[in-house]
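The values are calculated or read from the model by the stated rules, or taken from the named source; none is laboratory data. These figures come from a predicted structure and were not determined experimentally. Counting neighbours? That spans all protein chains shown, and the Cβs are built from the backbone with ideal geometry, glycine included.
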Amino acid sequence: MNLPEMESASTLQGRAEEYFKDSCDELTILVDRMFAWLLAAEWVGMIVTALVVSPRVWSGTQNGVHPHVWAAVLAGPAFIFPAIALAIFWPTRQITRHCVAVAQILVSILLIDVTGGRIETHFHVFGSLAFLAFYRDWRVLFTASALTAVDHVVRGIWWPESVYGILTVSPWRWVEHAWWVIFEDSFLFLSIRRSIQEMKAVALSKARLYTGAHHDVLTGLANRRLLQESFESRPLRQHGAKQQGLRQQGLKQQGTMRAVLFLDLDRFKHANDTLGHTVGDTLLKLVASRLATAVAPGDTLARVGGDEFVVLMENLTSNEDATEAGVRLLNVLSEPFFVEGNELLLSASVGISLYPEHGTDLSALQERADRAMYVAKGRGRNQCAVFSSEVARHENRMQEIGRDMYQAQKRGELRLYFQPLVERDGQLTGFEALLRWTHPVYGAIAPSDCIPLAEKSGLILAIGDWVLREACRNCKSWQRAGQRPIRVAINVSAIQFEREDFPDHVVSILDEFALDPNLVTLELTEGVLLRNLDRTRHQLEGLRASGIRISLDDFGTGYSSLSYLAMLPADTIKLDRSFVNREFANASAVLESVIEMAHRVGLRVIGEGVETEAQNDRLSGMDCDELQGFYFSAPMPEEAVAGYIALSEGNRAVASETVGAVG
Amino acid sequence: MSIISDSAAVGWASRKSRMWILGILSFSSICTLAGAGLLFRYDETAGAVSAVPARWPASSAIERPARTGTLLVFVHPYCSCTVATLHEIASLSAGARAQSGQLSTTVLFYRPRNSGWQPGSLWQKAESEIPGARRIWDDDGREARRFGARTSGFAVLYDAKGDLLFHGGVTGSRGHEGDNLGLDQLRASIDTGRPAPHTSLVFGCALAGADVPPIGENR
């Protein structure tokens, strides 16, 4: 089977032909066996017939065995036995079929002769042709018919009475006989053709069934089953039953190491949720096509989940081959995809496991590649990671962290850090509350590690509440310290937002701290917002009615149509850091257009991840309303916030005085 | 339309095996052709015929009807090839002229001296299939020698005046039934009363063996 396993019409046809050929071979073997038995029976029957019809020949009182009996007996070794031997020991061959055909017709001729030309025995010829039609090979019928024709022509010329009888003797009488043979053969040929067509149809159906059972319907790639079969079939063919201990060294020497690459599209779910499943499906097909171009012939590319692909690589000479292949996969996905008028940028994370180093069965290799893939995601996505002991340690650590998270809140290990949001002129407008967890053993745990764990364990609701309360408490304290209102932006997870009473719950917390709702901004990602558009709008309207502001977080990483911006009751969009930092053709023009469009629908724009003066200048120049990033300040603990506010207020006062003096 | 070529799944046999197979098939073909040639030669080889008297032999012990033609058929009682002759004669006896009593048929069964041969299947067949035919033993083949018969299946037809109309065989080859020149000529002679223009070959077992010369030669 040609790999990569991307099913196409030609592959389907090829497989159908394989099935057809297999069916034909099976059938031919059966027919060969049938003829072996038939010829043996005919031989015995012919001898018996000869003995009954003409047992002895006489000359006066002397007698001997009739030559017909000898002819019947010797027909066995002369041509019947060779045909039987071929049918038994050399089935499915053309030469076997033709020898069987010749033997059948010779038996017919001899039988007719032995029985004195009885008309009934002529039917043996037609019976033989009918049986030979079981081969579904017109060439065999041709051989049989040609031999019959030669017999009739030769005897018709030299001994016409034996064939045609004296009353109708004519040198052209053989033409009539030939016509009858052609007439019967035509029916047989048609029968064969029909039979072949049916067999082909059955083969095609089987091929379709196979394809359905072994290929992903959407992309045409191999599915888990075919992947498993590919994995199992190769070692048997290539390596035989080598001992496991010798295998690894042997494989390396022969350049027959194998690798499993587990590829997961980054944020595909987000695209699927926001752009719809039709676009998502189209995108998956395009991804599959591109991945197929990066996979070497002989390797297997399979789709094993929604946005998960697995490549089974064969014939590696070193571990680096697998990494290079992983990079190739990432590279082919780096160019934008165009789906229904949307330009989509995708990335993926690839985990790699090696055979037999990381496992000798596919499930183990796949599981380890999957784990390595999560490591790649944890490192910031769009990269490859090879499974290693480090990966295993990381996972153990994450499991431990997951267990410790239950106690983290009680033990006071969770803290909020705050990163300033400033206007273009540097004026402080608020802070984004950022969760930090200091593990007693592992130290600071990144939010990208702990938030998924919290969501997975369900702790996110309790932690989210804690964050909301802490952020509100801090915000309240800032109002007391500052000269003007300072807002707080709080990230909300999907699980929190899906609570039916989420708006009321938030309002109750605000009431708890007597905090002005206008000072609170809830940041939600596009994916969260667009899960259920009607319900989302209802929730958001409830929140906004209370005075709470809504911000679309990580804007630029998803694929939501800008029309959603107008549909959803939001106040600001927050350009994602990757969107701000990424350098690509016409980047400035794209940013400028997004900001301008947001302004037109009444949204403020916050630029996130500003790290350099150039980025600050660029975004400021584009009328970006607010900015956030390390260029202004790193996230700070709550103790440092008051000082930052004071410093900011001081700078503002100085700036005001300067402006006043100039004025 | 052909569906099958040499199976790739099974693969070609080794060159040595192929040579063996081709050798066996060649030998088989030669044997088959040679055997067929010998067989057909045997089937097509006519039996010996001696001179046949143009007039009914006066020495014959067989009674010849004065008003009808007489058909004599000489048969070896154990010659299986002669079954075909009897069938042909039977079909002839079913003809209009024979039915009307204008033909007297006698089947003479050769019997060597002191052989003790008894009526067999051919005797029964002549009785059952040729109505009205007389069956007599031709002891030591005396009558056969008088009429020049040396091969089983030999037939002679004399008209009411005792003139020879037909002599020869009535089968196309040894033991083969079906239309043939001899039968055609015999039928014509019976129907028209005219002599047959050609002598037809006789296919069957030798009546008295090669060592017994015909009467004419004894003279």
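A few notes on this one:
- Some residue of the range A:386-397 being farther than 30 Å from A:E613 by Cβ, under 29 Å from the mean Cα position of the chain (by Cα) and in a strand (DSSP E or B): yes
- Those residues of the range A:336-355 which are polar (S, T, N, Q), within 20 Å of the chain's Cα centre (by Cα) and either at pLDDT below 90 or farther than 19 Å from A:A376 by Cβ (or both), in sequence order: A:S347
- The range A:178-232: number of residues that are within 30 Å of A:T293 (Cα to Cα) and among the charged types (D, E, K, R): 7
- In the range B:87-154, counting only helices (runs of 4 or more DSSP H) that sit wholly within it, the ones holding 2 or more residues that are at pLDDT below 95 and farther than 26 Å from B:A54 by Cβ span B:96-99, B:121-129.
- Here the range A:143-168 is the region considered, the condition is being modelled with pLDDT of 85 or more and surrounded by fewer than 16 Cβ atoms within 10 Å (Cβ to Cβ), and the residue that is farthest from the other protein chains (Cβ to nearest Cβ) is A:A146.
- Residue list for the range A:611-633, filter: within 20 Å of A:A444 (Cβ to Cβ) and more than 42 Å from the chain's Cα centre (by Cα): A:S633
- Consider the range A:285-324 and keep the residues that are under 12 Å from the mean Cα position of the chain (by Cα) and part of a loop (DSSP other than H, G, I, E, B). The one that is farthest from A:R258 (Cα to Cα) is A:G306.
- Figure legend. Inter-residue proximity from the range A:30-49: first residues assigned by TED's automatic domain parsing to the domain that holds A:I84 and under 16 Å from A:A85 (Cα atoms), second residues hydrophobic (A, V, I, L, M, F, W, C) and not in a helix (DSSP H, G or I), beta-carbon distance below 9 Å, spacing 6+ or different chains. Indicated pairs: A:D32/A:W90.
- A single member of A:L301, A:L265, A:L275, A:L291 is surrounded by 17 or more Cβ atoms within 10 Å (Cβ to Cβ) and over 24 Å from A:L365 (Cα atoms), and it is A:L275.
- Note on the range A:32-60: residues that are under 58 Å from the mean Cα position of the chain (by Cα) and among the hydrophobic types (A, V, I, L, M, F, W, C) amount to 8.
- Only one entry of B:G148, B:G172, B:G178, B:G168 meets the criterion of being within 14 Å of chain A (Cβ to nearest Cβ), surrounded by fewer than 24 Cβ atoms within 10 Å (Cβ to Cβ) and not aromatic (F, W, Y), and that entry is B:G178.
- Of the residues making up the range A:584-596, those that are at pLDDT 85 or above and either of a type in the set (A, V, I, L, M, F, W, C) or in contact with a Gly (Cβ under 8 Å, 6 or more places away or on another chain) (or both) number 1.
- Selected residue (criterion: surrounded by the fewest Cβ atoms within 10 Å (Cβ to Cβ)) from residues of the range A:596-617 that are touching a strand residue (DSSP E or B) at 6+ places or on another chain (Cβ under 9 Å) and outside any loop (DSSP other than H, G, I, E, B): A:H599
- All of B:L164, B:L183 fail the test of being within 16 Å of B:P53 (Cα to Cα), touching a residue at least 60 places away in the same chain (Cβ under 8 Å) and not in a loop (DSSP other than H, G, I, E, B), apart from B:L164.
- Residues in the range A:463-503 that are modelled with pLDDT under 85, small (G, A, S) and under 26 Å from A:Q407 (Cβ atoms): A:A494 alone.
- Residues of the range A:108-142 that are β-branched (V, I, T) and within 11 Å of chain B (Cβ to nearest Cβ): A:I109, A:I112, A:V114, A:T115, A:I119, A:V140.
- When the range B:56-76 is limited to residues that are in a loop (DSSP other than H, G, I, E, B) and either within 16 Å of B:R150 (Cβ to Cβ) or of a type in the set (V, I, T) (or both), the one that is farthest from the other protein chains (Cβ to nearest Cβ) turns out to be B:T68.
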